[in-house]
Amino acid sequence: MMELQIQTRDMFAFLHLDPRTKLYLLIVGNVALFLAPSLLYEVVLVACIVILGVLAGAKRFTVKMAIVYAGMVVLHMIGTCHLVGTLQVVIVTFTVFIRKIFPCAMLGGILVSTTRVNEFMAAMNRIHMPKAMIIPMTVMIRYFPMVHEDYCYINDAMCMRDVGPTFTSLLTHPIRTVECIYVPMMMSALKVADELSAAAVTRGLENPKPRTCIAEIHFQITDVLCGVLFTLFLAGSIWVKLKGGAG
Amino acid sequence: MIHFEKVSFTYQGVMLKGGLHNIDLTIQKGECVLLCGRSGCGKTTLTRLVNGLIPYFYPGELTGATYVDEKNIQTIPIYEIAKRVGSVFQNPRTQFFNVDTDSEIAFGMENLSYPKEKMKRCIKKTMEELGINNLIGRSIFELSGGEKQKVAFASIYALSPDVYLLDEPSSNLDMDAIEELRCTLELLKKQGKTILIAEHRIYYLRELADHIVYMENGTVSRIFSTQQFLSLSDHQRHKMGLRALKLSDVHPGILPSEKQRPILDIKDLSLYYKKKLILSNLKLKAAPGEIVGIIGHNGAGKTTFSRTLCGLHRNYTGTISWKDKKQNAKDRLKRSYMVMQDVNYQLFAETVEKECCFGLKHPDLDAVKQAMERLGIYEYRTDHPNTLSGGQKQRVAVAVSMICEKEILIFDEPTSGLDYESMIRVSKLLKTLSEMGKVIFVVTHDYEFLTTACTRIIHLDDGRLQEDYDLISDNLHRLHEFFLRSERRRSFEANGE
C-alpha cells in the first residue's frame, strides 16, 4: 500500500509562497488542467507542478504522486495505441479519469502541506475573507496531515480482522473495504473536529478584532513568477480551446 | 476567585450523562482544587462552565450563575474569557491548532491581537520559564504525548491567565511526563494562579491540591482538606470509586502459582524502524494464561514490539514460534489481536452483533452469542457500537478476538482515563481471558492497574529487554524501582534542601 506521508516542515524549502498565491495557483492550476487541450500540454503542466512541489519542500509526496501519474500516462498510451475493443475503452476511460484527478490532488496536497496554519489565517484576513469561512478552511488544512495518522491505525485494525486494504480485497469486496476505512475515519474526524474547535475557542479564536501573525507574510518575486506561469498555462489552454472551437 | 451559585445543567440531545444539580462552590484565588469522582459524575462539566464552553459550545439547559472574579461568565463573550481562563484538555493530539510548536504557542496571542514584538517577548519568556527551549521549531508529528501536552500548556501560559483549568491532563501521559506536569503545576501555584483539575489519577496531585472536591451524580458530595483526604482508608476510597493516592500503597493480588508449559517462544528478536535498530536480541517465553505487563519509557519500542508480535510490523530479525512451530507475520496476524488505545479505529459495523461477525465467511452464531454473553454485551447486540461507553467498546473488540479464536491478545493502554471501578472491570476481563488460556500482553503506564491485573512484567528500555520477572510480592520492589524513581528522586531533592 502506498504511503502518502505529507511533510509539514519547510526547513529545506527553497520556495516559500504566500498563502494567497497558493490559493490562486490552486484555482488557476485546476482549471488549466481541466481545459488542457492535449496530453503533451498536460504533461508539461504536471512537470511544472512537480518542480513546484520539490522546491516547496514536499519532496516525498510529490515524487510518489509523480510516479503514479507517469504510470497512468504510460498505461494510457499503451491503451490507445496497442489495444482494441472494450478493453481499450475501459483502460482509456479509467486513465483519463485518473489523469485529470491526480494532478489536482497533487497540487492541492503540495500547497496544503507546505502552508502553516497561522500564515494561512493571516493571509485570508488580508483579503478580507469572512471568519465564518476562514475557520472551517483552517480546520480542514489542519486535519489533512492527521488523516495519515488515522489511516495507519485503521489499516492495522483491518489487517488484524483479515479485511486489510490490499489490492485483491479492493477487487473482491470493494464496498466493505471502503466502508472499513470510511466509518472509523468519519468517527475520528468528527471527534477531532469537535475537540480541536473547543481548544481553539477557549483560546479566543472568535475574537472579532483583526488577528495578528507572528510570521511575516508578503508577496515576493517568486509569488509573481509562479502566478504568471500558471496564468499563462490557463490562457494557453483557453486560447487553444477557442481557436479549436472556431476552426 | 471562582464562584458557582446554584448551578444546574443538563446537556442537550444524546449526551445525557454528566449533568449538574444545584452546585454551590467557591474557590479562592490561588487555590489548587482537585475535582474527582466516577466517570460521568460531572467534573468535566464543571470545568466547562468556567471556560465558557457551556453553554456556548455545548448547548443545554442551564440555571444559576458562575462567577470568575465577580464577573458573571455567561455575560461575557468567550474570547474575553480566554484572557482570564486557560484550558488544557485530555488529548494532546487534538488541542493543537497549528502543526509547528512556535505557531502553536503564539496561537492564543495572535487571536487576541497581541502586537508582534510583545508576542516574541512572551514566547521567549514562556519557553524559558517552562523549560521547553528544546521544543522550538518542531513539527507536532514528531513530538511525544508528553511534549505535546507541554506545548499546549505553553500556549496557555503565554497568555498568562489567572485561572487554569485542566481536564484529565494525565490520561495520555507516561510516568515521567506526569512528573513534569506536576512540576509545571507547582510553578503555577507559586505564581499564585488558581488551578482547577478534573482527574482520575490523583496520586501526583496529593501535595498540590488545597481542597479535594468529591462529586457524585452531578452534585458536590464532599469537600476534603488534603489531610482528611490522605487519611481515607483503602476501603473508603474504593467505595468512592477513586484511584490510589500513593503508589506505594498499592499491593498486588495473589497470583496463581502453577504455571503451564510455555507456548510462545521468541528468540533473538531485533526490531528495526526504517533501518534504525529499536530493540535488540529479545528472548522471551510465555505460557497460556500469563498476563504480561510491558513497561518502559516513551520510545523504548513497546509499540513496535506489540505490532511485531501481531504481525503488523515486518521489519525484524529473529524467530517467533508457537507450539514449536515457526510463525511468519501472516500466521501471527491470524493468531493474535490487539485492542488499541483508541478502540474506535477497530469498530466497523453498524450493530454490536454485526461487528462480532464482521469479515467472517461463516460466522458461528452460537460462538458469537456465547462471547457476547460472557462479556456482558449481549443486551446491546442491536446497538450501534458508537453509542456504547469506552469500556463497552473495549469489550466488543475483545468479543471479536474471542470469536476469531485469537490466542495472543495485546492491550495498548486499556485503562487511560478510567476510574477505579472501570479499571477493576478491565482487570477482571483480563483474568477471564487468562482462564481461557490466552497469552496476554498489556502495554501500560498505569501502576495500579499493573499490580491488580498482571502476573509478569517485562521492562523494555535503551533498546533491550531490561528486566523480566513474575509479579509476586518478592519482586514488587523491582516494579516500585521503575515507577517510583521519579517520585523518589523528587523526595530526595526535597530532603536535601
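Here are a few things to note about the model shown:
- Taking one quarter of the surface of the C-alpha convex hull of the range B:1-107 gives a mean projected area of 7.7 nm².
- Zero-based 10 Å bins, Cα pair distances in chain A, whole percents: 6, 24, 31, 25, 12, 2, 0
- Springs between Cα atoms under 10 Å define the GNM used for chain A, and in it the highest mean-square fluctuation of A:229, A:190, A:15 occurs at A:190.
- Rh (Kirkwood; distinct C-alpha pairs) - the range B:1-63, Å: 12.2 Å
- Per-selection Kirkwood Rh - the range A:130-214 (Cα, Å, 1 d.p.): 15.1 Å
- Straight-line cross-link partners of residue A:241 among the lysines, defined as a Cα under 21 Å from its Cα and at least 8 positions apart when in the same chain: A:100.
- The magnitude of the dipole of the protein assembly as shown, with charges of +1 and -1 set on the Cβ of Lys/Arg and Asp/Glu and taken from the Cα centre, is near 1560 debye.
- Shielding by other protein chains, A:107-119, mean Cβ within 10 Å: 2
- With 26 Å as the limit, the listed pairs B:334/B:361; B:148/B:276; B:71/B:239 have B:71/B:239 beyond it between alpha carbons.
- Dipole of the protein assembly as shown computed with +1 at Lys/Arg Cβ and -1 at Asp/Glu Cβ about the Cα centre; of A:91, B:46, B:113, farthest Cα towards the positive end is A:91.
- Shielding of peptide A:159-168 by partners, expressed as the average count of other chain Cβ atoms within 10 Å per residue Cβ, is 5.
- Distance histogram in 20 Å bins (all Cα pairs of the protein assembly as shown, percent per bin): 15, 45, 34, 7, 0
- Evaluated with a Cβ-only charge set (Lys, Arg +1; Asp, Glu -1), chain B carries a dipole of roughly 1140 debye about its Cα centre, given to the nearest 20.
- Seen through its C-alpha gyration tensor, with square-root eigenvalues sorted a ≥ b ≥ c, the range A:176-245 comes out oblate because a/c lies at 1.5 or above while a/b is not bigger than b/c.
- Residue (of B:130, A:55, B:152) at the positive-pole extreme of the protein assembly as shown, dipole from beta-carbon charges: A:55
- Rounded if a/c under 1.5, otherwise prolate or oblate - the range A:9-124, Cα gyration tensor axes: prolate
- Interface residues in the range B:304-333 - accessible area drops by 40 Å² or more relative to the isolated chain, probe 1.4 Å: B:312, B:333
- Averaged over the residues of B:76-84, the number of partner chain Cβ atoms lying within 10 Å of the residue Cβ comes to 4.
- Projecting the Cα atoms of A:72, B:266, B:75 onto the dipole axis of the protein assembly as shown, where Lys and Arg carry +1 and Asp and Glu carry -1 at the beta carbon, places A:72 farthest toward the positive end.
- Cα convex hull volume per residue for the range A:208-247 (Å³): 92 Å³
- Burial annotation for the range B:45-65: residues with an accessible-area loss of at least 20 Å² between the isolated chain and the complete set of protein chains, computed on heavy atoms with a 1.4 Å probe, are B:53, B:56, B:57, B:58.
- Relative packing of peptides B:333-342, A:23-32 - highest average C-beta neighbours within 10 Å first: B:333-342, A:23-32
- In this Cβ point-charge picture (+1 for Lys and Arg, -1 for Asp and Glu), the range A:130-214 has a dipole of about 440 debye about its Cα centre.
- Descending by average beta-carbon neighbour count within 10 Å, the peptides B:180-193, A:53-66 line up as A:53-66, B:180-193, the highest first.
- Per-residue SASA entry for residue B:330, accessible area with 1.4 Å probe, Å² rounded to 10: 140 Å²
- Net +/- balance of residues flanking residue A:169 in space, Cβ distance below 10 Å, scoring K and R +1, D and E -1: 0
- Histogram of C-alpha separations across chain B, 10 Å bin width, %: 4, 17, 27, 26, 18, 7, 1, 0
The values are calculated or read from the model by the stated rules, or taken from the named source; none is laboratory data. Note that the structure is predicted; figures quoted are calculated from it, not measured. No Cβ is skipped: glycine too gets one built from the backbone with ideal geometry, and neighbour counts run over all protein chains shown. Surface areas here come from the heavy atoms of the whole protein model, side chains and all, with no ligands, DNA or RNA. Shrake-Rupley method; radii C 1.70, N 1.55, O 1.52, S 1.80 Å.
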